[in-house]
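Engineer: Below you will find the structure I want to go over with you.
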Amino acid sequence: MTRAVTSARSWAGPRRRRADDEGQVTLLILGYAVVVLLLVTVVAAATSVHLTRHRLMGLADAAALDAADAIDTERFYTSGAGAGGPAPGGSEQQTAPDPVPLSDASVRASVTGYLAVAAPLQPFPAPQVGTGTGTPDGVTAEVTLTTTARIPLVSSVLRPWADGVRVTVTARARARAG
């Protein structure tokens, strides 16, 4: 029996000594993997917020363009269609038509109506009309929309933003009557 044990040892070869630093490469690789995964979650979150802002800006632009044509009928019919002002070239014979008269109420009503149709098609929660929505000068439609951008992957780094990031955009448009 002793002979069988001796021959088995000779087949296995010499015994290898364990080095002091063996296994530390595995820890280093695990540490880098954790850092890379956290970096991926941060990049995915930033991309999600950027895309939500970009889509919300497109929606606000379209709502502002629609609101720029939302004429304030009371103001339009009381002041009349108007003969127009001087033409941009300075010629007194030609006249440029007055811009479309707007009011805060007409802009807000137009934006609300537009969002009722267009907002359900968006991949983010329904936007809210901001307090800046209206007309600052009676001829420019200004639309402010706010929504929440959702974070797709929440890690320990992104835990403070687990409920989402608030995104607010403002768009302006002006209609020409001529």
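Engineer: Under the condition of being β-branched (Val, Ile, Thr), over 27 Å from Pro120 (Cα atoms) and at pLDDT below 90, which residue from segment 32-80 is surrounded by the fewest Cβ atoms within 10 Å (Cβ to Cβ)?
Structural biologist: Thr78
Engineer: Any residue in segment 160-174 that is closer than 12 Å to Ser48 by Cα sitting within a Cβ distance under 7 Å of a residue that is of a type in the set (D, E, K, R) and surrounded by fewer than 18 Cβ atoms within 10 Å (Cβ to Cβ)? List the pairs, counting only those 6 or more apart or interchain.
Structural biologist: So the pair list comes out as Val167/Arg53.
Engineer: Within segment 141-178, can you find the residues that are at pLDDT below 90 and part of a strand (DSSP E or B)?
Structural biologist: Arg174, the sole residue that qualifies.
Engineer: Assuming Pro120 fulfils every condition listed in (1) under 21 Å from Gly58 (Cβ atoms); (2) at pLDDT 90 or above apart from one, which condition is it?
Structural biologist: (2)
The values are calculated or read from the model by the stated rules, or taken from the named source; none is laboratory data. This one's a predicted model, so the numbers in the text were calculated from it and none came from an experiment. Reconstructed Cβ throughout: ideal geometry from the backbone, glycine too, with neighbour counts over all protein chains shown.
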